[in-house]
Amino acid sequence: MEHNLICIGCPLGCMMKVEVEEGQITTITGNTCKRGEAYAIKEVTSPTRLVTSTVKVEGGNLSMVSVKTKTDIPKNKIFDVMKSLQGISVKAPVHIGDVIISNAADTGVDIIATKQVKSVNL
Amino acid sequence: MKQLIYDIVIVGGGPAGLAAAIEALKEGVERILIIERDRELGGILNQCIHNGFGLHTFKEELTGPEYAQRFMEEVKEKHIEYKLNTMVMDITPNKVVTAMNTLEGMFEIEAKAIILAMGCRERSRGALNIPGYRPAGIFSAGTAQRFVNIEGYMPGREVVILGSGDIGLIMARRMTLEGAKVKVVAEIMQYSGGLKRNIVQCLDDYGIPLKLSHTVVEIKGKERVEGVTIAEVDKTGKPIEGTEEYYTCDTLLLSVGLIPENEVSKQIGVELSNVTSGPTVNESLETSVPGVFACGNVLHVHDLVDFVSEEAAQAGKNAAKYVKRVQKDLNTLDEELMHEILLIPTQGVRYTVPQTIRPECMEEEQVIRFRVGDVYRNRYVSVYFDNERVLHKKRPIVAPGEMENVYLKKEDILKYPELSQITIKLEED
């Protein structure tokens, strides 16, 4: 199988071709440097992404708090992780690093807050 | 009217204003006031919830709010004063700031130095000349970003994006993750102004097509957007007949450029550059009005916040030095008579910041930031001191979307006492 990738290592944006036969990478072409090769291997074998979103806050000085997966998660789990955030709300106060959901969508990765929200007395 | 006195007033509490305040304090000036019109410090970083910030500054990858928090904490720890929900209405050339908020009404502040850190605005539909009605459902990408990330509202369900600036790309992904269908991103240029990383991770990852050399020629809908027609454009930007394609959608996002917000700067009488739309500045990031400094996106639009912080720190330091000179009552006339070198951008280089250098006021090393006007491969960035080439640096690629820089050393410049201009250009060999 052939994968076409654009390297994101630098503005050059090399167009790379990765040949995979029986689950093994056979050739990588189009890259200009070693970083491109490493990126291609990662993207073809186990692509990962950091996911960021927001959840509702109750009783806070702000109505939403931004969150992220603490580390990268497998790319094919992005929508499962987003689904796990549906309908979630948290109570103020919220601090950076607070765990919002632990082990989101069975990725083994927590979703944590990336912003501070103070509580306000209504 | 209430009268306040401060050494430095900083207009804007975003990344530029915060970094400038922290550095000015380090330089020994204590009476500093940051004025912010929003309800919190941090500026636009608060709505940039994605990651990718801080790689240069903190050597780790942060989200926008996390990056802002680090500077906000330092400002609070050091008891730097700030006023929220406060709008600067006017600044005179004598540095009297008129501001207002709902608690104090209108008040005046006398300042010894001013730092302009107001950031930029998005180019709006009005600047684009798209014919048609004015239905609901047309948003600038940044406005949509604020609705989704700060207010918690989705602007629509079926989206077309015009322009491939980074905010547009980021919003394509964000709205997709929240369940919207982003049908296409149309870019009138032959290349995208956005970062490669964003094209891959915000469009390709989700199968969103990017149509280069395409633009919106018609918006359908009277009360609400019902659809848009996109057509290919020729080299002059004119739509090519017969290439029209219709997309049904309820939302059109515009990500078509940013413009430094200089209304207040104009009131002061600060000279603006036609190219950057920001103030022209010298090596100290001081504008044409002595004691008024500028940094961040109000000076020129940046791609990376790390460089905003770095630039703002320099402005903060220089504003503090200026205040100390004024306090010692030193004659500033000497400074006005100083030898000034012009920086000339040419041959593919659109602008430089700063635009002038006074060698005597330089730091040991001075960064010159610049942008190129097109995508160029295998070029040299060259620096000429008058007619002599002093720097010749090979670059495999340069592009308008990526800010470039060169560093000039004070000792090198001082070797040329008669130097009148420094030219920065791209050369093929």
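When only alpha carbons are used to place a centre, segment B:225-304 and segment B:390-428 end up 25 Å from one another. Of the cross-linked pairs B:Lys95/B:Lys328; B:Lys112/B:Lys425; B:Lys59/B:Lys425, those separated by over 27 Å at the C-alpha level are B:Lys112/B:Lys425; B:Lys59/B:Lys425.
Cβ under 11 Å from B:Ser140's Cβ, B:Ser140 left aside: what net charge do those residues give with Lys, Arg +1 and Asp, Glu -1? Every neighbour counted, the sum reads +3.
Starting from the Cα coordinates of chain A, work out the convex hull volume and express it per residue in Å³.
119
Working ranking of peptides B:113-119, A:106-112, B:132-138, B:255-261 by packing, defined as the average number of other Cβ atoms within 10 Å per residue, highest first, is B:113-119, B:255-261, A:106-112, B:132-138.
Each peptide in B:236-244, A:63-71 receives the mean, over its residues, of other Cβ atoms within 10 Å, and ordering these scores from highest gives A:63-71, B:236-244. The distance linking segment A:72-105 with segment B:126-183 is 24 Å (Cα centroid to Cα centroid, whole angstrom).
Using the Cα centre as the reference, give the magnitude of the dipole from point charges on the C-beta atoms of chain B (Lys, Arg: +1; Asp, Glu: -1; all else neutral), rounded to the nearest 20 debye. Don't skip to the end; give the middle numbers.
Working: 50 positive and 64 negative charges, 141 e Å.
It comes to approximately 680 debye.
Taking the charge dipole of chain A about its Cα centre, with +1 at Lys and Arg Cβ atoms and -1 at Asp and Glu Cβ atoms, the residue from A:Met64, A:Ala105, A:Leu50 reaching farthest to the positive side is A:Met64. Electrostatic tally near B:Val381: other residues with Cβ closer than 9 Å to its Cβ, Lys and Arg +1, Asp and Glu -1, net +3.
Of B:Cys120, B:Leu169, B:Thr243, which is farthest along the charge dipole of chain B in the positive direction, counting Lys and Arg as +1 and Asp and Glu as -1 at C-beta? Most positive-ward Cα: B:Thr243. Hey, any idea what % of chain A's accessible area is carbon plus sulfur with a 1.4 Å probe? Ligands and nucleic acids excluded, carbon and sulfur give 51 percent. Within chain B, the selection of entire DSSP H helices by a Cα span of 15 Å or greater along the long axis and an average Kyte-Doolittle value of at least 0.0 returns B:15-26, B:166-177. By a 1.4 Å probe calculation restricted to protein chains, B:Glu30 has an accessible surface near 150 Å², given to the nearest 10. Each peptide in B:52-59, B:317-324, B:383-390, B:188-195 gets a packing score, the mean of other Cβ atoms within 10 Å over its residues, and the list from highest to lowest is B:317-324, B:188-195, B:52-59, B:383-390. Here the spin labels are modelled as points 7 Å beyond Cα on the Cα-Cβ line, and at A:Asn76 and B:Glu218 they lie 4.4 nm apart.
Only helical runs count toward this figure. For chain A, summing -39,500 (n - 2.57) over DSSP H runs of n ≥ 4 and dividing by all residues gives -5000 deg cm²/dmol at 222 nm. Only helical runs count toward this figure. For chain B, summing -39,500 (n - 2.57) over DSSP H runs of n ≥ 4 and dividing by all residues gives -5500 deg cm²/dmol at 222 nm. Summed over both chains, the area buried between A and B is near 2500 Å², taken from the accessible surface of protein heavy atoms with a 1.4 Å probe.
If both residues of a DSSP beta bridge must be in the protein assembly as shown, then about 65% of such bridges are antiparallel. For segment A:8-16, backbone phi angles converted through the Karplus equation (6.51, -1.76, 1.60; θ = phi - 60°) give residue-by-residue couplings of 10, x, 7, x, 4, x, 4, 8, 10 Hz, Gly and Pro being listed as x. Shielding of peptide A:8-14 by partners, expressed as the average count of other chain Cβ atoms within 10 Å per residue Cβ, is 6. Considering the dipole of segment B:361-417 built from charges on the beta carbon (Lys and Arg +1, Asp and Glu -1) around the Cα centre, which of B:Gly401, B:Val390, B:Tyr416 is farthest to its positive end? Final value for the positive-end residue is B:Gly401.
Give the average, rounded to an integer, of partner chain Cβ atoms located within 10 angstrom of each Cβ in B:65-71.
Per residue, the average neighbour count from other chains is 4.
Need one number: % antiparallel among DSSP beta bridges in segment A:52-113, to the nearest 5. Walk me through the intermediate numbers first.
On the way: 10 of 13 bridges.
Close to 75 percent.
With the largest listed first and rounded to whole Å, the semi-axes of the equivalent ellipsoid of the protein assembly as shown from the Cα gyration tensor are 39, 31, 24.
Are any of the pairs A:Lys75/B:Lys76; A:Lys83/B:Lys183; A:Lys70/B:Lys83; B:Lys266/B:Lys317 more than 31 Å apart by Cα-Cα distance, and if so, which?
Details: A:Lys75/B:Lys76 38 Å; A:Lys83/B:Lys183 21 Å; A:Lys70/B:Lys83 33 Å; B:Lys266/B:Lys317 24 Å.
Pairs exceeding 31 Å: A:Lys75/B:Lys76; A:Lys70/B:Lys83.
Inter-chain neighbour count for B:195-201: the average number of beta-carbon atoms from partner chains within 10 Å of each residue's beta-carbon is 5.
The values are calculated or read from the model by the stated rules, or taken from the named source; none is laboratory data. On a predicted model such as this, the values are computed, not experimentally measured, just so you know. Quick reminder, even Gly has a Cβ in these numbers, built from the backbone with ideal geometry, and neighbours come from all protein chains shown. To get the accessible areas, we keep the full protein, side chains included, count just its heavy atoms, and leave off ligands, DNA and RNA. Shrake-Rupley method; radii C 1.70, N 1.55, O 1.52, S 1.80 Å.
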